[in-house]
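First the structure, in the form of C-alpha coordinates, and then the observations on it.
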There are 2 protein chains.
Amino acid sequence: MDAQTRRRAPEATRAEIIDMAIEVAADQGAMGLTMDAVVARLPFSKGALLHHFPSKLALLEGVIDHLAGQMTAQVLEEAARDPNPYGRNARAYLRATVNDPVTERDVSIGRAALVACAVEPGLIVRWRAAMRALAEDDPVDPAGKDDALMLRLIADGLWMSDLFGTHEVSPEQRKALLSLLTPGVLLAEAGA
Amino acid sequence: MDAQTRRRAPEATRAEIIDMAIEVAADQGAMGLTMDAVVARLPFSKGALLHHFPSKLALLEGVIDHLAGQMTAQVLEEAARDPNPYGRNARAYLRATVNDPVTERDVSIGRAALVACAVEPGLIVRWRAAMRALAEDDPVDPAGKDDALMLRLIADGLWMSDLFGTHEVSPEQRKALLSLLTPGVLLAEAGA
DNA sequence: GCAGCATTACCGTCCGGTTGGTATGTTATC
DNA sequence: GATAACATACCAACCGGACGGTAATGCTGC
(Lines give C-alpha, C1' and ligand atoms only; values in the text may rest on other atoms or scores of the structure.)
Protein backbone atom coordinates (compact mmCIF):
# COMPACT_ATOMS: atom_id res chain seq x y z
CA MET A 1 0.00 0.00 0.00
CA ASP A 2 2.70 2.40 -0.77
CA ALA A 3 3.75 2.10 -4.34
CA GLN A 4 0.21 1.03 -5.08
CA THR A 5 -1.40 3.92 -3.26
CA ARG A 6 -4.57 5.00 -5.01
CA ARG A 7 -4.73 8.39 -3.50
CA ARG A 8 -2.34 11.02 -4.73
CA ALA A 9 -0.61 13.85 -2.95
CA PRO A 10 -2.71 16.97 -3.48
CA GLU A 11 0.29 19.13 -4.25
CA ALA A 12 1.38 16.85 -7.04
CA THR A 13 -2.11 16.97 -8.50
CA ARG A 14 -2.22 20.73 -8.25
CA ALA A 15 1.12 20.99 -9.97
CA GLU A 16 -0.05 18.67 -12.69
CA ILE A 17 -3.14 20.76 -13.26
CA ILE A 18 -1.14 23.95 -13.43
CA ASP A 19 1.29 22.41 -15.90
CA MET A 20 -1.52 21.39 -18.16
CA ALA A 21 -3.17 24.78 -17.91
CA ILE A 22 0.11 26.34 -18.99
CA GLU A 23 0.36 23.94 -21.88
CA VAL A 24 -3.16 24.67 -23.05
CA ALA A 25 -2.70 28.41 -22.69
CA ALA A 26 0.53 28.34 -24.63
CA ASP A 27 -0.72 26.50 -27.65
CA GLN A 28 -4.42 27.32 -27.75
CA GLY A 29 -4.46 30.91 -26.61
CA ALA A 30 -6.95 32.59 -24.35
CA MET A 31 -10.02 31.42 -26.20
CA GLY A 32 -8.93 27.82 -25.94
CA LEU A 33 -8.05 28.08 -22.30
CA THR A 34 -11.16 26.53 -20.76
CA MET A 35 -11.63 24.28 -17.78
CA ASP A 36 -12.84 21.53 -20.07
CA ALA A 37 -9.81 21.83 -22.32
CA VAL A 38 -7.50 21.56 -19.33
CA VAL A 39 -9.27 18.59 -17.84
CA ALA A 40 -9.34 16.83 -21.19
CA ARG A 41 -5.56 16.50 -20.98
CA LEU A 42 -5.65 15.24 -17.42
CA PRO A 43 -6.14 11.69 -16.18
CA PHE A 44 -9.03 12.64 -13.94
CA SER A 45 -12.34 14.36 -14.01
CA LYS A 46 -13.61 17.87 -13.99
CA GLY A 47 -14.85 17.39 -10.47
CA ALA A 48 -11.28 16.83 -9.36
CA LEU A 49 -10.13 19.98 -11.07
CA LEU A 50 -12.86 21.98 -9.39
CA HIS A 51 -11.92 20.37 -6.11
CA HIS A 52 -8.41 21.78 -6.26
CA PHE A 53 -9.25 25.05 -7.96
CA PRO A 54 -12.79 26.08 -7.11
CA SER A 55 -12.96 28.59 -9.95
CA LYS A 56 -11.26 29.51 -13.14
CA LEU A 57 -9.83 32.60 -11.51
CA ALA A 58 -8.30 30.46 -8.79
CA LEU A 59 -6.66 28.31 -11.42
CA LEU A 60 -5.28 31.33 -13.22
CA GLU A 61 -3.94 32.70 -9.98
CA GLY A 62 -2.25 29.36 -9.43
CA VAL A 63 -0.74 29.57 -12.87
CA ILE A 64 0.81 32.99 -12.56
CA ASP A 65 1.96 32.41 -9.01
CA HIS A 66 3.70 29.29 -10.25
CA LEU A 67 5.27 31.10 -13.17
CA ALA A 68 6.34 34.06 -11.06
CA GLY A 69 7.85 31.73 -8.48
CA GLN A 70 9.75 29.86 -11.14
CA MET A 71 11.05 33.05 -12.64
CA THR A 72 12.09 34.39 -9.25
CA ALA A 73 13.91 31.19 -8.35
CA GLN A 74 15.76 31.19 -11.63
CA VAL A 75 16.93 34.77 -11.23
CA LEU A 76 17.90 34.28 -7.61
CA GLU A 77 19.89 31.19 -8.43
CA GLU A 78 21.67 33.05 -11.17
CA ALA A 79 22.30 36.01 -8.89
CA ALA A 80 23.86 33.82 -6.21
CA ARG A 81 26.78 33.14 -8.53
CA ASP A 82 27.55 36.83 -8.88
CA PRO A 83 30.33 37.98 -6.54
CA ASN A 84 29.34 41.62 -6.76
CA PRO A 85 26.23 42.18 -4.63
CA TYR A 86 25.36 45.54 -6.12
CA GLY A 87 22.74 45.15 -8.81
CA ARG A 88 23.25 41.43 -9.07
CA ASN A 89 19.56 40.76 -9.50
CA ALA A 90 19.38 43.08 -12.44
CA ARG A 91 22.32 41.34 -14.08
CA ALA A 92 20.89 37.93 -13.29
CA TYR A 93 17.60 39.04 -14.80
CA LEU A 94 19.31 39.76 -18.07
CA ARG A 95 21.43 36.64 -17.97
CA ALA A 96 18.39 34.48 -17.33
CA THR A 97 16.60 36.03 -20.27
CA VAL A 98 19.42 35.97 -22.76
CA ASN A 99 20.17 32.26 -22.45
CA ASP A 100 20.58 30.78 -25.85
CA PRO A 101 19.01 28.84 -27.41
CA VAL A 102 15.64 29.81 -26.08
CA THR A 103 13.86 26.60 -25.24
CA GLU A 104 10.35 25.75 -26.32
CA ARG A 105 9.55 25.60 -22.66
CA ASP A 106 10.67 29.20 -22.12
CA VAL A 107 8.39 30.39 -24.85
CA SER A 108 5.49 28.40 -23.42
CA ILE A 109 6.01 29.97 -20.04
CA GLY A 110 6.06 33.46 -21.42
CA ARG A 111 3.07 32.87 -23.58
CA ALA A 112 1.12 31.35 -20.70
CA ALA A 113 1.89 34.29 -18.46
CA LEU A 114 0.74 36.65 -21.14
CA VAL A 115 -2.45 34.73 -21.76
CA ALA A 116 -3.27 34.56 -18.08
CA CYS A 117 -2.82 38.31 -17.66
CA ALA A 118 -4.82 38.98 -20.78
CA VAL A 119 -7.70 36.83 -19.64
CA GLU A 120 -7.92 38.44 -16.27
CA PRO A 121 -6.23 41.87 -16.05
CA GLY A 122 -6.38 41.71 -12.28
CA LEU A 123 -3.67 39.09 -12.34
CA ILE A 124 -1.14 41.61 -13.54
CA VAL A 125 -0.65 42.91 -10.02
CA ARG A 126 0.56 39.49 -8.90
CA TRP A 127 3.17 39.33 -11.61
CA ARG A 128 4.16 42.91 -10.91
CA ALA A 129 4.54 42.21 -7.21
CA ALA A 130 6.92 39.34 -7.90
CA MET A 131 9.04 41.39 -10.29
CA ARG A 132 9.18 44.37 -7.97
CA ALA A 133 10.23 42.19 -5.07
CA LEU A 134 13.13 41.06 -7.19
CA ALA A 135 14.10 44.65 -7.89
CA GLU A 136 13.73 45.84 -4.32
CA ASP A 137 15.97 43.12 -2.97
CA ASP A 138 18.68 44.45 -5.17
CA PRO A 139 20.86 47.01 -3.41
CA VAL A 140 22.11 49.51 -5.91
CA ASP A 141 23.55 52.86 -5.10
CA PRO A 142 21.89 55.81 -6.83
CA ALA A 143 24.66 56.07 -9.40
CA GLY A 144 23.96 52.58 -10.66
CA LYS A 145 20.21 52.81 -10.60
CA ASP A 146 19.76 53.97 -14.16
CA ASP A 147 22.05 51.27 -15.43
CA ALA A 148 20.16 48.61 -13.52
CA LEU A 149 16.92 49.84 -15.00
CA MET A 150 18.38 49.69 -18.47
CA LEU A 151 19.45 46.11 -17.99
CA ARG A 152 15.95 45.19 -16.91
CA LEU A 153 14.39 46.98 -19.84
CA ILE A 154 16.67 45.24 -22.28
CA ALA A 155 15.85 41.91 -20.69
CA ASP A 156 12.13 42.57 -20.94
CA GLY A 157 12.49 43.69 -24.52
CA LEU A 158 14.38 40.56 -25.39
CA TRP A 159 11.80 38.46 -23.62
CA MET A 160 9.05 40.08 -25.62
CA SER A 161 10.94 39.75 -28.85
CA ASP A 162 11.40 36.04 -28.22
CA LEU A 163 7.70 35.71 -27.60
CA PHE A 164 6.45 37.68 -30.55
CA GLY A 165 9.35 37.18 -32.90
CA THR A 166 9.42 40.91 -33.52
CA HIS A 167 13.16 41.18 -33.90
CA GLU A 168 15.70 38.82 -35.27
CA VAL A 169 18.37 38.41 -32.65
CA SER A 170 21.34 36.31 -33.66
CA PRO A 171 23.27 34.22 -31.14
CA GLU A 172 26.14 36.64 -31.59
CA GLN A 173 23.93 39.53 -30.69
CA ARG A 174 22.75 37.70 -27.61
CA LYS A 175 26.32 37.29 -26.53
CA ALA A 176 26.98 40.90 -27.29
CA LEU A 177 24.21 41.88 -24.92
CA LEU A 178 25.93 39.95 -22.18
CA SER A 179 29.01 42.08 -22.68
CA LEU A 180 27.01 44.89 -21.14
CA LEU A 181 27.65 43.10 -17.89
CA THR A 182 31.44 43.18 -18.07
CA PRO A 183 33.19 45.60 -15.71
CA GLY A 184 33.45 49.12 -16.93
CA VAL A 185 30.60 48.97 -19.39
CA LEU A 186 27.52 49.48 -17.34
CA LEU A 187 26.86 48.98 -13.71
CA ALA A 188 29.45 46.44 -12.75
CA GLU A 189 31.64 49.16 -11.34
CA ALA A 190 28.92 50.51 -9.10
CA GLY A 191 30.13 48.38 -6.23
CA ALA A 192 32.54 50.45 -4.20
CA MET B 1 -30.48 65.09 -47.16
CA ASP B 2 -26.87 65.39 -46.36
CA ALA B 3 -26.53 66.07 -42.71
CA GLN B 4 -29.64 64.01 -42.25
CA THR B 5 -28.40 61.02 -44.18
CA ARG B 6 -29.61 57.82 -42.61
CA ARG B 7 -26.98 55.58 -44.00
CA ARG B 8 -23.48 55.78 -42.67
CA ALA B 9 -20.16 55.36 -44.37
CA PRO B 10 -19.05 51.78 -43.82
CA GLU B 11 -15.52 52.76 -42.98
CA ALA B 12 -16.68 55.02 -40.21
CA THR B 13 -18.78 52.24 -38.78
CA ARG B 14 -15.95 49.78 -39.00
CA ALA B 15 -13.65 52.21 -37.24
CA GLU B 16 -16.24 52.75 -34.56
CA ILE B 17 -16.55 49.03 -34.00
CA ILE B 18 -12.80 48.59 -33.80
CA ASP B 19 -12.51 51.42 -31.32
CA MET B 20 -15.10 49.86 -29.09
CA ALA B 21 -13.50 46.45 -29.34
CA ILE B 22 -10.23 48.02 -28.22
CA GLU B 23 -11.98 49.69 -25.34
CA VAL B 24 -13.65 46.50 -24.22
CA ALA B 25 -10.45 44.50 -24.56
CA ALA B 26 -8.50 47.05 -22.56
CA ASP B 27 -10.77 47.21 -19.58
CA GLN B 28 -12.45 43.83 -19.52
CA GLY B 29 -9.66 41.55 -20.64
CA ALA B 30 -9.88 38.59 -22.94
CA MET B 31 -12.73 36.91 -21.12
CA GLY B 32 -14.88 39.99 -21.36
CA LEU B 33 -14.11 40.56 -25.01
CA THR B 34 -17.23 39.09 -26.59
CA MET B 35 -19.22 40.15 -29.60
CA ASP B 36 -22.16 40.95 -27.34
CA ALA B 37 -20.03 43.11 -25.07
CA VAL B 38 -18.76 45.09 -28.03
CA VAL B 39 -22.17 45.59 -29.56
CA ALA B 40 -23.62 46.62 -26.20
CA ARG B 41 -21.50 49.77 -26.39
CA LEU B 42 -22.49 50.52 -29.94
CA PRO B 43 -25.54 52.37 -31.21
CA PHE B 44 -26.55 49.52 -33.47
CA SER B 45 -27.27 45.85 -33.40
CA LYS B 46 -25.36 42.64 -33.44
CA GLY B 47 -26.46 42.03 -36.99
CA ALA B 48 -24.61 45.15 -38.05
CA LEU B 49 -21.49 44.02 -36.28
CA LEU B 50 -21.63 40.66 -37.99
CA HIS B 51 -22.22 42.44 -41.25
CA HIS B 52 -18.94 44.31 -41.05
CA PHE B 53 -16.95 41.58 -39.35
CA PRO B 54 -18.33 38.17 -40.24
CA SER B 55 -16.54 36.45 -37.37
CA LYS B 56 -14.81 37.19 -34.16
CA LEU B 57 -11.49 36.37 -35.74
CA ALA B 58 -12.17 38.91 -38.46
CA LEU B 59 -12.86 41.52 -35.81
CA LEU B 60 -9.65 40.73 -33.98
CA GLU B 61 -7.71 40.93 -37.23
CA GLY B 62 -9.24 44.33 -37.78
CA VAL B 63 -8.16 45.38 -34.33
CA ILE B 64 -4.52 44.43 -34.60
CA ASP B 65 -4.22 45.72 -38.15
CA HIS B 66 -5.57 49.01 -36.91
CA LEU B 67 -3.19 49.10 -33.97
CA ALA B 68 -0.20 48.09 -36.05
CA GLY B 69 -1.05 50.73 -38.63
CA GLN B 70 -1.33 53.38 -35.97
CA MET B 71 1.95 52.37 -34.44
CA THR B 72 3.68 52.35 -37.82
CA ALA B 73 2.35 55.77 -38.71
CA GLN B 74 3.47 57.21 -35.41
CA VAL B 75 7.00 55.86 -35.78
CA LEU B 76 7.27 56.94 -39.40
CA GLU B 77 6.10 60.43 -38.58
CA GLU B 78 8.64 60.64 -35.80
CA ALA B 79 11.36 59.27 -38.06
CA ALA B 80 10.66 61.88 -40.72
CA ARG B 81 11.94 64.56 -38.39
CA ASP B 82 15.28 62.84 -38.02
CA PRO B 83 17.96 64.28 -40.33
CA ASN B 84 20.17 61.21 -40.11
CA PRO B 85 18.65 58.46 -42.25
CA TYR B 86 20.71 55.66 -40.75
CA GLY B 87 18.73 53.85 -38.10
CA ARG B 88 16.17 56.61 -37.87
CA ASN B 89 13.31 54.15 -37.47
CA ALA B 90 14.99 52.54 -34.51
CA ARG B 91 15.47 55.91 -32.86
CA ALA B 92 11.92 56.95 -33.67
CA TYR B 93 10.70 53.70 -32.20
CA LEU B 94 12.29 54.55 -28.90
CA ARG B 95 11.20 58.17 -29.00
CA ALA B 96 7.62 57.15 -29.67
CA THR B 97 7.67 54.77 -26.73
CA VAL B 98 9.37 57.02 -24.25
CA ASN B 99 6.96 59.91 -24.62
CA ASP B 100 6.03 61.14 -21.23
CA PRO B 101 3.55 61.14 -19.66
CA VAL B 102 2.16 57.92 -20.99
CA THR B 103 -1.46 58.54 -21.82
CA GLU B 104 -4.32 56.32 -20.77
CA ARG B 105 -4.92 55.82 -24.43
CA ASP B 106 -1.41 54.44 -24.95
CA VAL B 107 -1.93 51.90 -22.23
CA SER B 108 -5.28 50.90 -23.69
CA ILE B 109 -3.71 50.35 -27.07
CA GLY B 110 -0.98 48.18 -25.66
CA ARG B 111 -3.36 46.20 -23.56
CA ALA B 112 -5.71 45.67 -26.46
CA ALA B 113 -2.90 44.45 -28.69
CA LEU B 114 -1.84 42.04 -26.01
CA VAL B 115 -5.35 40.76 -25.46
CA ALA B 116 -5.92 40.26 -29.16
CA CYS B 117 -2.70 38.28 -29.56
CA ALA B 118 -3.47 36.28 -26.44
CA VAL B 119 -6.94 35.38 -27.62
CA GLU B 120 -5.76 34.19 -30.98
CA PRO B 121 -2.05 33.37 -31.16
CA GLY B 122 -2.21 33.37 -34.94
CA LEU B 123 -2.57 37.13 -34.86
CA ILE B 124 0.96 37.51 -33.61
CA VAL B 125 2.31 37.08 -37.13
CA ARG B 126 0.42 40.18 -38.24
CA TRP B 127 1.92 42.31 -35.52
CA ARG B 128 5.33 40.82 -36.18
CA ALA B 129 5.07 41.58 -39.89
CA ALA B 130 4.32 45.22 -39.19
CA MET B 131 7.22 45.58 -36.77
CA ARG B 132 9.65 43.82 -39.08
CA ALA B 133 8.64 46.01 -41.98
CA LEU B 134 9.55 48.98 -39.84
CA ALA B 135 12.96 47.48 -39.12
CA GLU B 136 13.69 46.46 -42.69
CA ASP B 137 12.97 49.90 -44.04
CA ASP B 138 15.70 51.18 -41.82
CA PRO B 139 19.06 51.26 -43.52
CA VAL B 140 21.79 50.66 -41.00
CA ASP B 141 25.32 49.68 -41.77
CA PRO B 142 26.54 46.53 -40.04
CA ALA B 143 28.44 48.50 -37.45
CA GLY B 144 25.27 50.15 -36.21
CA LYS B 145 23.09 47.07 -36.30
CA ASP B 146 23.67 45.99 -32.74
CA ASP B 147 23.01 49.45 -31.45
CA ALA B 148 19.76 49.67 -33.40
CA LEU B 149 18.67 46.37 -31.93
CA MET B 150 19.43 47.60 -28.46
CA LEU B 151 17.33 50.69 -28.96
CA ARG B 152 14.43 48.54 -30.06
CA LEU B 153 14.81 46.19 -27.14
CA ILE B 154 14.86 49.05 -24.68
CA ALA B 155 11.76 50.49 -26.29
CA ASP B 156 9.96 47.17 -26.08
CA GLY B 157 11.01 46.75 -22.49
CA LEU B 158 9.74 50.18 -21.61
CA TRP B 159 6.51 49.48 -23.40
CA MET B 160 6.03 46.31 -21.42
CA SER B 161 6.93 47.99 -18.19
CA ASP B 162 4.34 50.67 -18.83
CA LEU B 163 1.76 47.99 -19.47
CA PHE B 164 2.50 45.78 -16.51
CA GLY B 165 3.91 48.35 -14.15
CA THR B 166 6.83 46.05 -13.53
CA HIS B 167 9.40 48.80 -13.13
CA GLU B 168 9.14 52.25 -11.74
CA VAL B 169 10.50 54.60 -14.34
CA SER B 170 10.71 58.21 -13.32
CA PRO B 171 10.33 61.04 -15.82
CA GLU B 172 14.01 61.78 -15.34
CA GLN B 173 14.91 58.23 -16.24
CA ARG B 174 12.77 58.48 -19.32
CA LYS B 175 14.68 61.52 -20.40
CA ALA B 176 17.91 59.76 -19.60
CA LEU B 177 16.95 57.01 -22.01
CA LEU B 178 16.57 59.58 -24.74
CA SER B 179 20.16 60.63 -24.18
CA LEU B 180 21.09 57.31 -25.74
CA LEU B 181 20.13 58.94 -28.99
CA THR B 182 22.56 61.84 -28.77
CA PRO B 183 25.56 61.68 -31.11
CA GLY B 184 28.47 59.68 -29.89
CA VAL B 185 26.55 57.53 -27.45
CA LEU B 186 25.02 54.83 -29.53
CA LEU B 187 24.28 54.63 -33.16
CA ALA B 188 23.94 58.23 -34.12
CA GLU B 189 27.48 58.24 -35.49
CA ALA B 190 26.82 55.30 -37.79
CA GLY B 191 25.96 57.63 -40.62
CA ALA B 192 29.04 58.10 -42.70
C1' DG C 1 -36.00 62.12 -64.66
C1' DC C 2 -37.65 58.02 -63.44
C1' DA C 3 -38.94 53.15 -63.29
C1' DG C 4 -36.86 48.96 -62.09
C1' DC C 5 -33.70 46.31 -59.82
C1' DA C 6 -29.52 44.89 -57.46
C1' DT C 7 -26.66 46.10 -53.68
C1' DT C 8 -25.50 47.47 -49.28
C1' DA C 9 -26.20 48.70 -44.40
C1' DC C 10 -28.47 47.22 -40.73
C1' DC C 11 -32.17 44.98 -37.58
C1' DG C 12 -33.75 41.52 -34.07
C1' DT C 13 -34.48 36.96 -33.00
C1' DC C 14 -33.32 32.38 -32.46
C1' DC C 15 -30.31 28.24 -31.90
C1' DG C 16 -27.01 24.69 -30.85
C1' DG C 17 -23.13 24.09 -28.44
C1' DT C 18 -20.03 25.44 -24.90
C1' DT C 19 -18.73 27.21 -20.36
C1' DG C 20 -18.02 27.78 -15.59
C1' DG C 21 -19.98 25.94 -11.82
C1' DT C 22 -23.09 22.95 -8.49
C1' DA C 23 -24.93 19.05 -6.15
C1' DT C 24 -24.43 14.60 -4.83
C1' DG C 25 -22.33 10.43 -4.65
C1' DT C 26 -18.21 6.98 -3.80
C1' DT C 27 -13.86 5.51 -2.13
C1' DA C 28 -9.62 5.58 0.39
C1' DT C 29 -6.80 7.21 4.34
C1' DC C 30 -6.10 8.76 9.02
C1' DG D 1 -16.17 7.69 10.93
C1' DA D 2 -14.55 12.13 9.65
C1' DT D 3 -12.29 14.15 6.14
C1' DA D 4 -10.03 14.67 1.79
C1' DA D 5 -9.70 13.13 -3.02
C1' DC D 6 -11.91 12.13 -6.44
C1' DA D 7 -16.25 10.65 -10.00
C1' DT D 8 -20.84 11.42 -12.24
C1' DA D 9 -24.57 13.95 -13.56
C1' DC D 10 -26.42 17.96 -14.49
C1' DC D 11 -27.67 23.04 -15.19
C1' DA D 12 -28.36 27.86 -16.26
C1' DA D 13 -26.12 31.35 -18.60
C1' DC D 14 -23.67 32.72 -22.24
C1' DC D 15 -21.43 32.88 -26.72
C1' DG D 16 -20.67 32.97 -31.61
C1' DG D 17 -23.02 33.07 -35.39
C1' DA D 18 -27.05 31.94 -38.69
C1' DC D 19 -31.14 33.72 -40.60
C1' DG D 20 -35.07 36.24 -42.62
C1' DG D 21 -36.32 40.60 -43.14
C1' DT D 22 -36.27 45.98 -44.19
C1' DA D 23 -35.03 50.22 -45.89
C1' DA D 24 -31.84 53.35 -47.98
C1' DT D 25 -28.82 53.90 -51.90
C1' DG D 26 -26.56 53.19 -56.48
C1' DC D 27 -27.02 51.82 -61.18
C1' DT D 28 -29.02 51.13 -65.70
C1' DG D 29 -31.71 51.80 -69.62
C1' DC D 30 -34.86 54.66 -71.50
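Scan the helices (runs of 4 or more DSSP H) fully inside region A:8-89 and keep the ones with 2 or more residues being in contact (Cβ under 8 Å) with a residue 24 or more places away in the chain.
Working: elements: A:10-32, A:35-40, A:46-52, A:56-80.
It comes to A:10-32, A:46-52, A:56-80.
Can you pull out the residues in region A:40-57 that are surrounded by fewer than 20 Cβ atoms within 10 Å (Cβ to Cβ), away from every other protein chain (no Cβ under 14 Å), of a type outside the set (Lys, Arg) and more than 26 Å from B:LEU57 (Cβ to Cβ)? Talk me through it step by step, then tell me what you get.
Going through region A:40-57, the residues surrounded by fewer than 20 Cβ atoms within 10 Å (Cβ to Cβ) turn out to be A:40-48, A:50-52, A:54-57.
Narrowing the set further to residues that are away from every other protein chain (no Cβ under 14 Å) leaves A:40-48, A:50-52, A:54.
From what's left, of a type outside the set (Lys, Arg): A:40, A:42-45, A:47-48, A:50-52, A:54.
A:LEU42, A:PRO43, A:PHE44, A:SER45, A:GLY47, A:ALA48, A:LEU50, A:HIS51, A:HIS52, A:PRO54, listed by residue number.
Can you work out which of the residues in region B:68-104 that are small (Gly, Ala, Ser) and more than 16 Å from B:THR182 (Cα to Cα) is nearest to the other protein chains (Cβ to nearest Cβ)? Break it down stepwise before answering.
The initial filter retains those residues of region B:68-104 that are small (Gly, Ala, Ser), namely B:68-69, B:73, B:79-80, B:87, B:90, B:92, B:96.
If we keep only those that are more than 16 Å from B:THR182 (Cα to Cα) too, we end up with B:68-69, B:73, B:80.
Values: B:ALA68: 11, B:GLY69: 16, B:ALA73: 18, B:ALA80: 22 Å.
Looking at the filtered set, the residue picked out is B:ALA68.
Let's see how each residue does on (1) within 9 Å of chain A (Cβ to nearest Cβ); (2) at pLDDT below 90; (3) in contact with a His (Cβ under 7 Å, 6 or more places away or on another chain):
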{"residue": "B:ASP106", "(1), (2), (3)": "no, yes, no"}
{"residue": "B:ALA112", "(1), (2), (3)": "no, no, no"}
{"residue": "B:PRO121", "(1), (2), (3)": "yes, yes, no"}
{"residue": "B:VAL125", "(1), (2), (3)": "yes, no, no"}
{"residue": "B:ALA129", "(1), (2), (3)": "no, no, no"}
{"residue": "B:ASP138", "(1), (2), (3)": "no, yes, no"}
{"residue": "B:ALA143", "(1), (2), (3)": "no, yes, no"}
{"residue": "B:ASP146", "(1), (2), (3)": "yes, yes, no"}
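Can you confirm whether B:ALA79 is aliphatic (A, V, I, L, M) and within 16 Å of DNA strand D (Cβ to nearest atom)? Please lay out each step first, then the result.
Values: aliphatic (A, V, I, L, M): yes; within 16 Å of DNA strand D (Cβ to nearest atom): no.
So B:ALA79 does not fit the description; no.
Here's a check for you: in region B:157-184, which residue that is in contact (Cβ under 8 Å) with a residue 40 or more places away in the chain and facing chain A (nearest Cβ under 9 Å) is farthest from B:ASP27 (Cα to Cα)? Full working, then the answer.
Kept after step one, since they are in contact (Cβ under 8 Å) with a residue 40 or more places away in the chain, are these residues of region B:157-184: B:158-159, B:162-163, B:171, B:174-175, B:177-178, B:180-181.
Still in the running and facing chain A (nearest Cβ under 9 Å): B:158-159, B:163, B:177, B:180.
Numbers: B:LEU158: 21, B:TRP159: 18, B:LEU163: 13, B:LEU177: 30, B:LEU180: 34 Å.
Among those residues, the one meeting the criterion is B:LEU180.
Do the conditions hold for B:MET20, that is, is it surrounded by 12 or more Cβ atoms within 10 Å (Cβ to Cβ) and within 14 Å of chain A (Cβ to nearest Cβ)? Step through it out loud before you land on a result.
Working: surrounded by 12 or more Cβ atoms within 10 Å (Cβ to Cβ): yes; within 14 Å of chain A (Cβ to nearest Cβ): no.
The answer is no for B:MET20.
Here are some residues: A:VAL75, A:VAL63, A:VAL98. Which one is over 30 Å from A:SER170 (Cα atoms), surrounded by 20 or more Cβ atoms within 10 Å (Cβ to Cβ) and of a type in the set (Val, Ile, Thr)?
Details: A:VAL75 fails: over 30 Å from A:SER170 (Cα atoms); A:VAL98 fails: over 30 Å from A:SER170 (Cα atoms).
Of the residues listed, the single one that is over 30 Å from A:SER170 (Cα atoms), surrounded by 20 or more Cβ atoms within 10 Å (Cβ to Cβ) and of a type in the set (Val, Ile, Thr) is A:VAL63.
Looking at region B:30-39, is at least one residue surrounded by 21 or more Cβ atoms within 10 Å (Cβ to Cβ) and either within 14 Å of chain A (Cβ to nearest Cβ) or away from DNA strand D (no atom under 13 Å from the Cβ) (or both)? Break it down stepwise before answering.
Initial filter on region B:30-39 (surrounded by 21 or more Cβ atoms within 10 Å (Cβ to Cβ)): B:30, B:33, B:38.
Pick out the ones that are also either within 14 Å of chain A (Cβ to nearest Cβ) or away from DNA strand D (no atom under 13 Å from the Cβ) (or both) and you get B:30, B:33.
Yes: region B:30-39 contains one or more residues that are surrounded by 21 or more Cβ atoms within 10 Å (Cβ to Cβ) and either within 14 Å of chain A (Cβ to nearest Cβ) or away from DNA strand D (no atom under 13 Å from the Cβ) (or both).
Restricting to region B:1-17, and then to whatever is surrounded by 15 or more Cβ atoms within 10 Å (Cβ to Cβ) and either farther than 20 Å from B:ILE109 by Cβ or aliphatic (A, V, I, L, M) (or both), can you tell me which residue is modelled with the lowest pLDDT? Break it down into steps so the answer makes sense when it comes.
Restricting attention to region B:1-17, the residues satisfying the condition of being surrounded by 15 or more Cβ atoms within 10 Å (Cβ to Cβ) are B:13-14, B:16-17.
Now restrict to residues that are either farther than 20 Å from B:ILE109 by Cβ or aliphatic (A, V, I, L, M) (or both): B:13, B:17.
Numbers: B:THR13: 88, B:ILE17: 93.
Looking at residues that are surrounded by 15 or more Cβ atoms within 10 Å (Cβ to Cβ) and either farther than 20 Å from B:ILE109 by Cβ or aliphatic (A, V, I, L, M) (or both), I get B:THR13.
The values are calculated or read from the model by the stated rules, or taken from the named source; none is laboratory data. Given the structure is predicted, the values throughout are model-derived calculations rather than measurements. Every residue, glycine as well, gets a Cβ built from its backbone with ideal geometry; the counts of neighbours run over all protein chains shown.
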